[in-house]
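**Q** Structure in structure tokens, see below.
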């Protein structure tokens, strides 16, 4: 049974075990899935209310994208743990001879790149999530604005968690061009998400005051 097929309690038990996977990367993806579902809820509350008919077309698209995004995050949850386990297998490869050492080095580098690429994809999905959440903040049912803003905040926290997992894996990668490209992408996306979170917070304050 995959991690995404576990019940919530079983997943939490697995997460709190002494096994290092699932860990922070999978948690970031799971949080993204939760926030995506929250955006879907706001969209549906908008679509069911005649008062917001002018927003129905936009919220219909947001709802569909949020549902798809939730599934993507759950897939990344699985992939993150798999990538870590693949690295651990590479780490345990024999290293007695020069040939074995070289094979082990190559496999570890390949595994590290994969272990960085998965949370980077999670971070990219968090950027998309922040777009959808901001749409829900701006055009969704006013009674659910705090839920929509919560989703933007979760997009940021999930993105930050994913970025930490990217960076720790980049620290062991020898391919300078790969590291530079991934690092720049992390910075760009976090700036993008932060900008949308600030807009959501501002909108919330306008509504509450």
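**Q** Sorting check: for 44-52, 201-209, 154-162, which peptide has the highest mean count of neighbouring beta carbons within 10 Å, and how do the rest follow?
**A** Averaged packing, sorted descending, gives the order 154-162, 44-52, 201-209.
**Q** Run the numbers for residue 61 and residue 175: contour at 0.36 nm per residue of separation, minus the present Cα-Cα distance, in nm.
**A** Values: separation 114, 0.36 × 114 = 41.04 nm, distance 3.96 nm.
That works out to 37.1 nm of additional length.
**Q** If contacts are Cα pairs under 8 angstrom and at least 6 residues apart, what is the relative contact order of the chain in percent?
**A** Result for the chain is 26 percent.
**Q** Ok, one more. Please arrange 152, 146 by how many other C-beta atoms lie within 10 Å of their C-beta, fewest to most.
**A** Result, fewest neighbours first: 146, 152.
**Q** Rounded to the nearest 10 degrees, what's the angle between the helix 98-139 long axis and the longest principal axis of the chain, both from Cα atoms, 0 to 90?
**A** Once rounded, one gets 0 degrees.
**Q** Roughly how tilted is helix 176-208, in degrees to the nearest 10 and between 0 and 90, from the longest Cα axis of the chain?
**A** Long axis of 176-208 versus the principal axis of the chain: about 20 degrees.
**Q** Using square roots of five times the C-alpha gyration tensor eigenvalues, list the equivalent-ellipsoid semi-axes of the range 1-46 in whole Å, biggest first. Numbers along the way, then the final one.
**A** Details: eigenvalues 129, 24, 11 Å².
After diagonalising the Cα gyration tensor, the semi-axes are 25, 11, 7 Å.
**Q** Ranking 193, 145, 103 by Cβ neighbours within 10 Å, fewest first, what do you get?
**A** 103, 145, 193
**Q** Now for a different question. What FRET efficiency, computed as 1/(1 + (r/R0)^6) with R0 = 41 Å and r the Cβ-Cβ distance, is obtained for residue 10 and residue 202, rounded to the nearest 0.05?
**A** Computed FRET efficiency for residue 10 and residue 202: 0.55.
**Q** Give me 26, 37 ranked fewest to most by other Cβ atoms within 10 Å of their Cβ, as a rough exposure proxy.
**A** Least to most surrounded, the residues fall as 37, 26.
**Q** Label points 7 Å out from Cα along the Cβ direction at residue 106 and residue 184: separation in nm?
**A** With each label placed 7 Å out from Cα toward Cβ, I get 2.9 nm.
**Q** In whole angstrom, how far apart do the alpha carbon centroids of the range 156-209 and the range 76-153 sit?
**A** Computed from Cα coordinates, the inter-centre distance equals 12 Å.
**Q** On a 0 to 90° scale, report how tilted helix 24-47 is relative to the longest principal axis of the chain, with both axes built from alpha carbons and the result rounded to the nearest 10.
**A** Around 20 degrees separate the two axes.
**Q** Further question on the same structure: Using only helices, what value at 222 nm comes out for the chain when you add -39,500 (n - 2.57) per DSSP H run of length 4 or more and divide by the total residues, to the nearest 500 deg cm²/dmol?
**A** Result for the chain, helices only: -29000 deg cm²/dmol.
**Q** Related question: Looking at the square roots a ≥ b ≥ c of the eigenvalues of the Cα gyration tensor of the chain, which shape do they give, rounded for a/c under 1.5, prolate if a/b is larger than b/c, or oblate? Mind showing how you got there, number by number?
**A** Working: a/c = 3.07, a/b = 2.08, b/c = 1.48.
Verdict is prolate for the chain.
**Q** Along the three principal axes, how long is the range 120-190 when you take its alpha carbons, biggest first, rounded to the nearest angstrom?
**A** 50, 15, 13
Laboratory data are not the source of any read-out in this text; all were calculated from the coordinates shown. Computed from a predicted model, the values in this text were never measured in an experiment. Counting neighbours? That spans all protein chains shown, and the Cβs are built from the backbone with ideal geometry, glycine included.
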